[in-house]
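Working notes, structure below.
Every number in this text was worked out from the coordinates using simple rules, so none of it is lab data. Note that the structure is a prediction, hence the values are computed from the model and not measured. Glycine also receives a Cβ, built like all others from the backbone with ideal geometry; neighbour counts cover every protein chain displayed.
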Amino acid sequence: MYLVVVMPQEFRSYINDVIPKVAEAYGNLLSIKLIVGDVKLSNRFYDPFRNQYRAWQIIDSLGPCKEPTVYVLNVDAYVPSLNFVFGLADPYLKCAAVFTPRLNHPNHITFTTRLAKEIVHESGHLMGLHHCLDFRCVMSFSNSIIDVDRKSWRFCNRCYNLLQRSLISKL
């Protein structure tokens, strides 16, 4: 099974730091297929009153995907119940997005680690995982950038075991 990660051209310099972390988080459970390319978002997804994009409309427009796919997008996005989201996933569409503006940091390592965490987190949802109560687990919910920085880019043992069972059942 593959996890497809679509990264924009402008993030080319980050690929060598992000993709190995994502691959290591999954171990030998699946392979990563990287696509470098830009996604053009429709203006109808933009909310000028909030100066943000509607995350759920972006996901609906990108899916359904043949393989679980995470798009990395350099736009700020939200869902109605939250001021912003770092990412959003729809397992039924096999489609997720990570929104990078709130992950930005001048330090290259900090930014690429944050980006890897959110790609792993959203792809975990695509694989059937829910939020984890272990704040160190990559599947823990992040309400702020502090939460993102605190958690690991790896799954806790419980989530990794759930992931293993989920992926085996899909074979």
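Whether any residue in the range 108-123 is more than 14 Å from the chain's Cα centre (by Cα) and of a type in the set (Gly, Ala, Ser) is what I want to check.
no
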| task | May I ask you to list the residues in the range 1-18 that are touching a residue at least 24 places away in the same chain (Cβ under 8 Å) and of a type in the set (A, V, I, L, M)? | result | 1, 3, 4, 5, 6, 7, 18
| request: Among the residues of the range 22-37, write down those that are surrounded by 12 or more Cβ atoms within 10 Å (Cβ to Cβ), farther than 15 Å from residue 126 by Cα and over 16 Å from the mean Cα position of the chain (by Cα). | output: 27
| task | State whether the residues of the range 9-31 include one that is farther than 19 Å from residue 142 by Cβ, among the β-branched types (Val, Ile, Thr) and part of a loop (DSSP other than H, G, I, E, B). | result | no
